[in-house]
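The values are calculated or read from the model by the stated rules, or taken from the named source; none is laboratory data. A quick note: this is a predicted structure, and the numbers were derived from the prediction, not measured. Heads up, the Cβs are rebuilt from the backbone with ideal geometry, glycines too, and the neighbour counts pull from every protein chain shown.
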Amino acid sequence: MDKRYSLLSLTTALISCVVLSACSGPTKQKPAELAPLVPSLGVKNVWKGAVGEVSFPLELKSSGSEIYLATTAGSVVSLDGESGAVRATGNAGAGISAAIGAGDGRVALTTVTGEVVVMQGGKSLWRQNLGAVAITPPLVAGGRVFVMTPDRTLSAFDGETGKRLWQQQRGADTLVLDRPGVLFPVGDTLVVGLGGRLVGLNPSNGSQKWDVPVALGRGTNEVERLVDVVSGISRRGASVCVRAYASAVACVDTGSGKSVWSKIANGFTGIGGGDTAVFGSESDGTLIAWSRKDGERLWQSDKFKWRELGTPVLLGSTLVVPDNAGLLHLLSAADGAIVGRLQLDGTPLAATPVLSGNTLVAVTQKGGVFAFRPE
């Protein structure tokens, strides 16, 4: 991953904004050596496949028994989560910049040419020009498609026709992270990450319902004051837990629009979790479990120092943690004890693994698709 900051200029029809490109932290350190392991948890590879290179912000989507994914070249694929069989394929007609949104029988993605494309049954249903290249995967929900571009412009489109329903620019931050943001539904509320805040919006017109600070920017210049909520959230009902880049981990009650707790945390990737705990890693690879109720630290593990951990996924009572070497580490969610390790194709994951029933599906940057299931 790129360890440097760079400023990129993004020009839209009306607005210019500067984007900060930042990835995963401090000067390169030697990753911790992994001790020999005798697995205590039986997990088997139930199927695998290949789809093509994935080098953009992919968000795997599971809907029913289907898994939706896409490739850099523009291919869009839906797979049967149980067997890996291909159910439908299509092509966006251009390279993909962010994907994938799925719902209402449709999938949505954005292209390097600055368009949002919606497909159904493997065929293009409609496409609209955004005026900018989006890096946050679109959201498909409630018969609409929502898209956020890096200048914080939110657009809502009719899912069937592609008609633009509304467009608003929210916030005026000079610098934002050049990485996927947060955009998801909770009931009748559209929740979006804007800077260091979670904001609840009316999906019908974009008007604000509530605004909750997750972290505040501090420092003497714009780079030091930069704070942004990153993709990878844990939701249980109205409880939503998120990470603010290099600042904090927090849980918010989206029903009341109020903060439940916030803890200082110097991490860069999203968090996972369940009913009682949320999990994430610090910039140095320290893995931490926090109580979902009050944010108190439950346990931490230093066994993965500098291994560039990704967003954890909870599979029953097992925590699945990817690293930048393309390994999936299996831990007990109760105490962090290592119970297994899975090898893929040697390249980093292209997306956070997703669950389809009791099957865990992972996709690598090389395009390998691997499905695992507890024995």
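Scanning the stretch 249-297 for residues that are closer than 24 Å to residue 177 by Cβ, basic (Lys, Arg) and part of a loop (DSSP other than H, G, I, E, B) returns no hits. Just one of (1) more than 30 Å from residue 164 (Cα to Cα); (2) acidic (Asp, Glu); (3) touching a residue at least 12 places away in the same chain (Cβ under 8 Å) fails for residue 228. It is (1). Filtered by the rule that a residue be part of a strand (DSSP E or B) and within 19 Å of residue 271 (Cα to Cα), the stretch 336-355 gives 338, 349, 354, 355. The conditions of being surrounded by 23 or more Cβ atoms within 10 Å (Cβ to Cβ) and among the β-branched types (Val, Ile, Thr) are met by residue 278. Considering the stretch 232-251, the residues that are crowded, with 24+ Cβ neighbours inside 10 Å and out of contact with any Phe, Trp or Tyr (no Cβ under 9 Å at 6 or more places or on another chain) include one that is nearest to residue 330 (Cα to Cα), namely 242.
Does any residue of the stretch 360-373 turn out to be modelled with pLDDT of 95 or more, of a type in the set (A, V, I, L, M), buried (at least 21 other Cβ atoms within 10 Å of the Cβ) and closer than 23 Å to residue 264 by Cβ? Can you show your working first?
Residues of the stretch 360-373 that are modelled with pLDDT of 95 or more, as a first pass: 360-372.
Next, only the ones that are of a type in the set (A, V, I, L, M) stay: 360-363, 369, 371.
After this cut, where a residue has to be buried (at least 21 other Cβ atoms within 10 Å of the Cβ) as well, the list is 360-363, 369, 371.
Still in the running and closer than 23 Å to residue 264 by Cβ: none.
Among the residues of the stretch 360-373, not one is modelled with pLDDT of 95 or more, of a type in the set (A, V, I, L, M), buried (at least 21 other Cβ atoms within 10 Å of the Cβ) and closer than 23 Å to residue 264 by Cβ, which makes the answer no.
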